[in-house]
Amino acid sequence: MATHDDLIRRRAEDLVAEALDDTRVVLVNGARQAGKSTLTRLTAARRAAPVLRLLDDAATLRAAVDDPAGFVEHDSMMVIDEIQLAPELLSAIKVAVDLDPAPGRYLLTGSSRILAMRTLPDALPGRMEVIELWPFSQGELHGGADCFIDAAFAVGPGLSRTSALRKRDYLDRAVIGGFPEAVRRRTPRRRTAFFNSYLSTLIERDVLELASIERHGELLKLIGLLAGRIGGLLVPASLATASGIPRTTLVRYLELLASVFLIKSVPAWTSGLTGRAVGTPKLAFVDTGIACHLTGQDAARLAEPDGAAGAVLENFVVMELARQLTWSEQQGRLFHYRTKDKVEVDAVIETPRGDVIGVEVKAGATVRTEDLAGLRNLASLLGDRFVAGYVLYTGQQTLPFGDRIRALPMDALWEVSP
């Protein structure tokens, strides 16, 4: 495995290059420390005479705020890093690209969801494409294809995989997560130092760019509480009771944590054919390394009988799917499925034409009949729209379970191809 993020090719690299060929402004948006600056600089280096502006530099930021129009003047492509630090630049960029609509004029990065910023003057509608950059996928880290979604819809239940990995291997990967700096660090103690610094900077800087937060302790308490509930339903009333934070404040905090790419809300899926689906979203952490750090569980602790291996590996799989949806040829949306009778499917991906695959995650190396209940329920509900259902587990063989349902080793996520 490569140890430096500049040696690991990102799937988003081709997406950025493609967008610059026909779009005036391209924004690479994503979590702090996910590799946005490295990606944009590598992209810029392949183009003629790019202009680089780093808003992390105090003097550069002051120049941007004092004279936005002058700051964005340029003859070639301009790269502006951390655009959320000077959102007033977007109005000046809008004027510039309206006067000269040539593609590839500005390449921006941001560490918070730009459209959520309270100071945002203009979102550049019709002029800007947003590409989200996540922490490393397992395929990026380990040289896999990262094509599970395309393969699942193309091949359906014909997918097959034999793996050498075991449960502990997956837990080791989940604990490290995908942040380049965490991947580099070779010891748990050094990764812990990174995660502590990351969370501190996230609260003290990124969250404060979006909203005024006076009681930081409340937010830190909520983050810890959420880490213990990954894979669970995201119910604000329940969280408010557990945390002692007023519900309206708590909802605002959840929105902020999603805006800085710490957590993700996975919406509930319903076909419109039944009223028995529960509409509550599920909680996921963008990076399992952060979640494991917050709960204080390493791979050995996760694997214990009362450890959180099931929830962590579910989160691990769901976020690998979320990453793949940003580059897969097959477009789709990510959901979870749960009925009022608590029949569940951990991940449901639906295409624009209505075709569906279901993914159930199991931390064990064996698959039981009851593990298939959710997928079979979904298959019965959807009929021909149900392409296939997969139980991703920590065993090593592909196992058939009747019509259109298969158990696959978890690393099929990044190893199989159409």
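Any read-out appearing in this document is the output of simple, stated calculations on the displayed coordinates, not a laboratory observation. Remember, predicted model here, so these are calculated numbers, not experimental data. So basically every Cβ, Gly included, is an ideal-geometry build from the backbone, and we count neighbours across all protein chains shown.
So the values come out like this:
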| item | result |
| --- | --- |
| Inter-site label distance for residue 98 and residue 62 at 7 Å from Cα along Cβ, in nm | 3.1 nm |
| The range 271-364 shape via C-alpha gyration tensor axes, a/c threshold 1.5 | oblate |
| Relative contact order (percent, whole number), the chain, Cα cutoff 8 Å, 6+ residue spacing | 18 percent |
| Theoretical gain in end-to-end length, residue 69 to residue 201 [0.36 nm per residue, Cα-Cα removed] | 44.5 nm |
| Candidate values (1) 30.8, 96; (2) 21.3, 70; (3) 21.9, 66, label of the one derived for Rg and Dmax of the Cα atoms in Å | (3) |
| Segments 284-291, 324-331 sorted - mean Cβ within 10 Å per residue, highest first | 284-291, 324-331 |
| Highest-fluctuation residue, 163, 212, 137 considered, GNM on the chain with Cα pairs under 10 Å | 212 |
| For residue 389, distant residues with modelled amide H under 5 Å away | 358, 405, 406 |
| 11 Å beta-carbon shell around residue 242, net charge (K/R +1, D/E -1) | +2 |
| Of 89, 110, 50, farthest towards positive along the dipole that unit charges on Lys, Arg, Asp, Glu beta carbons give the range 5-133 | 110 |
| Rough spin-label spacing in nm, given labels placed 7 Å along Cα→Cβ, for residue 47 and residue 215 | 4.6 nm |
| Helix axis angle, 216-227 relative to the chain longest principal axis, alpha carbon, degrees | 30 degrees |
| Theoretical gain in end-to-end length, residue 233 to residue 351 [0.36 nm per residue, Cα-Cα removed] | 40.1 nm |
| Top of 389, 217, 310 by mean-square fluctuation, Gaussian network on the chain, Cα under 10 Å | 217 |
| Nearest-20 debye value, the range 5-133 charge dipole, Cβ charges on Lys, Arg, Asp, Glu | 300 debye |
| FRET efficiency for residue 255 and residue 54, using Cβ-Cβ distance with R0 set to 25 Å, rounded to 0.05 | 0.30 |
| Protection-proxy order for peptides 102-111, 150-159, 184-193, each taking the mean of Cβ atoms within 10 Å per residue, highest first | 102-111, 150-159, 184-193 |
| Local electrostatic count at residue 360 - Lys and Arg +1, Asp and Glu -1, tallied over other residues with Cβ under 10 Å | -3 |
| Among 418, 101, 74 the positive-end extreme of the charge dipole of the chain (Cβ point charges) | 418 |
| Test item: Cα-centred dipole of the chain, Lys/Arg +1 and Asp/Glu -1 on Cβ, debye | 1200 debye |
| Cα-based shape type of the range 5-133, given that a ≥ b ≥ c are square roots of the gyration tensor eigenvalues and the cut on a/c is 1.5 | rounded |
| Unit charges on C-beta of K, R, D, E only; dipole of the range 227-363, Debye | 500 debye |
| Shape of the range 320-418, Cα gyration tensor, a/c cut at 1.5 | oblate |
| Sites residue 193 and residue 306, calculated FRET efficiency, Cβ-Cβ separation with R0 30 Å, nearest 0.05 | 0.65 |
| Estimated vicinal HN-Hα couplings, Hz - the range 317-331 in sequence order (Karplus 6.51, -1.76, 1.60; Gly, Pro = x) | 5, 4, 6, 5, 5, 4, 4, 4, 5, 7, 10, 5, 5, 7, 6 |
| Net charge, residue 176 excluded, C-beta distance under 12 Å - Lys, Arg +1, Asp, Glu -1 | +1 |
| Unit charges at the beta carbon, dipole of the chain: most positive-side option, 325, 260, 390 | 390 |
